[in-house]
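All remarks here apply to the structure that follows.
The values are calculated or read from the model by the stated rules, or taken from the named source; none is laboratory data. Computed from a predicted structure; not experimentally measured. Positions of Cβ are backbone-derived with ideal geometry, glycine not excepted, and every protein chain shown enters the neighbour counts. These area figures cover heavy atoms from the full protein model, side chains too; ligands, DNA and RNA do not enter into them. Shrake-Rupley method; radii C 1.70, N 1.55, O 1.52, S 1.80 Å.
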Amino acid sequence: MSKVVEISPTTRHEGHSKLTLKVNDQGIVERGDWLSITPVRGIEKLAIGKTMEQVPKIASRVCGICPIAHTLASIEAMEASIGCEIPTDAKLLRVILHAANRLHSIALHNILILPDFYIPGTETKFNPFSREEPIRSVAARIIRIREIGQAIGAIAGGEAIHPSNPRIGGMYHNVSPLAKQKMADLAKEGLVLAHEQMEFMLDVIRNMQNREFVDVGGQKIPVPRKLGYHNQGVMATSPMYGSSSLDDKPTWDVSRWKENRPWDWYMGEMTIDLEDPNYPIGGTTKIGTRANPQMEACNSVPTYDGQPVEVGPRARLAAFKNFDEKGTFAQHIARQMEYPDCCYTILKCLDKLDTSGKVLADHIPQGDGSMGWAANEAPRGTDVHLARVKDGKVLWYEMLVPTTWNFPTCSRALKGAPWQIAEMVVRAYDPCVSCATHMIVVDEKNKIVAQRLIQ
């Protein structure tokens with residue numbers, strides 16, 4: 001007979017989400033619902049009526065983890081709507097900025113997932129902040145990779161968090177020859193470290209793949225060979241940067257996308273009847289608590305060709321590099337394989353970059369209300385922004401961020417996993433939940449249905 005257990009909030013990722021899980025007598029997930037419980041930011045509504053220059057700055061502030069991807073996708077959605085082509089050197093600077101951000105993000109994710117893994121050849125779990133060798137050296141390498149990514153991002157983008165150099169029509173400024181050389185030197189250093197860290201992480205992940213059990217809250221939990229497998233498709237627009245509706249051959253199709261409301265997707269009201277006070281951190285939700293994913297979810301459910309899709313590193317490698325591994329460990333492996341590509345991309349773009357080249361379009365149209373979209377292959381997956389711009393003002397705006405795509409796919413990937421390691425499946429997607437929070441549930445009288453949750 002099925003029981004319901006809830007992990008709320010989930011941990012070691014950005015934002016707040018929860019897992020509501022129906023499990024069998026052996027504790028194996030029969031159905032899992034992963035949903036956002038982060039308060040809504042209302043970015044898409046804030047965008048309406050603002051100038052097309054303002055909206056990318058607003059969109060980038062949906063969170064502090066993905067601002068570069070949102071800045072670039074938002075700007076390029078505006079450019080797609082107004083039909084503005086940018087100079088080659090401006091695009092090269094954007095790709096450099098993008099690749100630097102991905103480099104930094106992969107290193108950050110290593111810190112977040114390592115406590116789930118074991119030091120190869122031992123029964124010791126990782127503590128990324130340990131002062132003991134060899135972990136101390138690994139942590140130092142991760143920190144340096146992050147520094148390199150942020151430094152290159154700051155040079156190309158103006159700032160490494162909310163970049164100020166990208167603008168509608170291109171970039172505000174090109175870089176100097178000295179700055180170009182500095183980025184090249186950093187990328188070469190980063191390439192060596194990226195290869196080292198990739199090989200280290202692949203050893204750690206393969207070691208975990210071969211383990212039969214993992215310790216969770218003092219219990220030995222079996223690790224399925226097919227942890228995180230699902231039958232959904234993958235979606236990616238490019239191995240590195242992205243696509244837009246301005247492209248001659250766009251690699252995303254707006255007509256194949258549909259947005260579904262959470263009450264059409266998630267489970268309805270139920271009572272928690274399984275509890276584990278030893279589950280880290282702080283135990284699971286108490287028995288007797290009412291849960292209602294349909295009414296609690298603050299995320300929509302996008303589908304492509306009528307089905308959820310996986311986005312992210314594994315999707316990119318599957319779509320463009322014939323990567324055929326599946327599941328949670330394959331996602332981790334694919335992410336590490338993107339490490340060197342970031343540095344190679346930066347160096348290739350720098351070889352082509354003319355520091356005397358033009359970085360701003362000669363003419364920036366103000367728009368006639370046409371719909372434009374842009375997809376940026378953010379570290380976590382395909383980040384699609386859509387916009388309608390007329391006379392320089394935004395009439396309509398939509399953000400389909402990676403975690404929004406991954407919520408329903410991950411929910412299905414939870415089936416068959418022991419519930420105690422459901423968070424391991426979630427963390428493989430490197431969720432950025434604040435970005436994926438776009439709604440609050442109201443009824444036909446515009447009354448908040450989930451009022452008791454807000455109070």
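Taking amide H positions as modeled 1.01 Å from N, with prolines and chain starts lacking one, the residues under 5 Å from TRP396 and 5 or more places away or on another chain are ARG388. Taking amide hydrogens as placed 1.01 Å from N in the peptide plane, the amide H of ARG167 sits under 5 Å from those of TYR172, each at least 5 positions away in sequence or on another chain.
Seen from every direction in turn and averaged, the convex hull around the alpha carbons of the stretch 1-48 projects onto 4.4 nm². With R₀ fixed at 41 Å, the C-beta to C-beta distance from GLU85 to THR289 puts the FRET efficiency at about 0.15. Take the chain with all the other protein chains still there, run a 1.4 Å probe, and you get 41 Å² of accessible area per residue. A DSSP coil position with no more than 15 other Cβ atoms inside 10 Å describes the following GluC sites (Glu not before Pro) in the stretch 43-130: GLU53, GLU85, GLU123.
Shown in residue order for the stretch 366-378 are the 3J(HN,Hα) couplings computed by the Karplus curve 6.51 cos²θ - 1.76 cosθ + 1.60 at θ = phi - 60°: 9, x, 10, x, 5, 7, x, 9, 9, 10, 10, 7, 4 Hz (x for Gly and Pro). Can you tell me, using C-alpha contacts under 8 Å and at least 6 residues apart, the relative contact order of the chain as a whole percent? Rounded, it is 29 percent for the chain.
Quick one: pull the percentage of alpha-carbon pairs in the stretch 292-418 with a separation above 24 Å. Distances greater than 24 Å cover 49 percent of the Cα pairs. With the simple model of a label 7 Å out from the Cα in the direction of the Cβ, LYS321 to THR271 spans 5.1 nm. Enter the Cα centre distance for the pair the stretch 328-381 and the stretch 131-204, rounded to the nearest angstrom. Using only Cα atoms, the two centres lie 15 Å from each other. Angle, helix 88-113 long axis vs. longest principal axis of the chain, Cα atoms, 0 to 90°, nearest 10? It works out to around 20 degrees. In units of 2.2 N^0.38 Å, what is the alpha-carbon radius of gyration of the stretch 381-424? My calculation over the Cα atoms of the stretch 381-424 gives 1.83. Of all lysines in the structure, those lying under 16 Å Cα to Cα from LYS125, and not within fewer than 8 positions of it along the same chain, are LYS220. The slack between ARG31 and GLU189, meaning 0.36 nm per residue of separation minus the straight C-alpha distance, is 52.3 nm. In a simple Cβ point-charge model (Lys, Arg +1; Asp, Glu -1; nothing else charged), the stretch 345-394 has a dipole of about 120 debye relative to its Cα centre. Dividing the radius of gyration of the alpha carbons in the stretch 347-448 by their Kirkwood radius gives 1.13 for Rg/Rh.
Computed 3J(HN,Hα) for the stretch 152-165, one whole-Hz value per residue from the Karplus formula 6.51 cos²θ - 1.76 cosθ + 1.60 where θ = phi - 60°, is 5, x, 5, 6, 6, x, x, 9, 8, 9, 10, x, 9, 7, glycine and proline marked x. Based on DSSP H segments of at least four residues, each scored -39500 (n - 2.57), the chain has a per-residue ellipticity at 222 nm of -12000 deg cm²/dmol. Each eigenvalue of the Cα gyration tensor of the stretch 351-406, multiplied by 5 and square-rooted, gives one semi-axis; in descending order these are 25, 22, 6 Å. Taking the 1.4 Å solvent-accessible surface of the chain as the whole, the part contributed by carbon and sulfur is 51%. Seen against the Cα atoms of the chain and their longest principal axis, helix 402-413 is set at about 30 degrees.
Basic side chains Lys and Arg get +1 at the Cβ, acidic Asp and Glu get -1 at the Cβ, and with that the dipole of the stretch 55-179 about its Cα centre reaches some 180 debye. A simple charge model with +1 on the Cβ of Lys and Arg, -1 on the Cβ of Asp and Glu and nothing else charged puts the dipole of the chain at about 380 debye relative to its Cα centre. Cross-link reach is defined here as a Cα-Cα straight distance under 16 Å, omitting same-chain residues fewer than 8 places apart; for LYS182 the aspartates and glutamates meeting it are GLU147, GLU159, ASP351, ASP354.
Between the amide H of MET267 and those of GLN294, distances stay under 5 Å, these residues lying 5 or more places away or on another chain, with hydrogens modeled in the peptide plane. For GluC sites (Glu not before Pro), the sites in the stretch 229-307 that DSSP calls loop and that have at most 13 other Cβ atoms within 10 Å are GLU269.
Each 20 Å bin from zero up to the one holding the largest Cα-Cα distance in the chain carries the following percent of pairs: 25, 56, 18, 0. For the cross-link pairs LYS50/LYS348; LYS57/LYS326; LYS50/LYS352; LYS188/LYS326; LYS45/LYS258, the ones whose C-alpha atoms lie over 26 Å apart are LYS50/LYS348; LYS57/LYS326; LYS50/LYS352; LYS188/LYS326. Its alpha carbons give the stretch 199-321 an Rg and a Dmax of 19.8, 56 Å. Quick check: Cα centre of the stretch 265-311 to Cα centre of the stretch 43-121, how many Å? Measuring centre to centre over Cα atoms gives 28 Å. Cα convex hull, the stretch 18-73: 111 Å³ per residue, rounded to a whole number.
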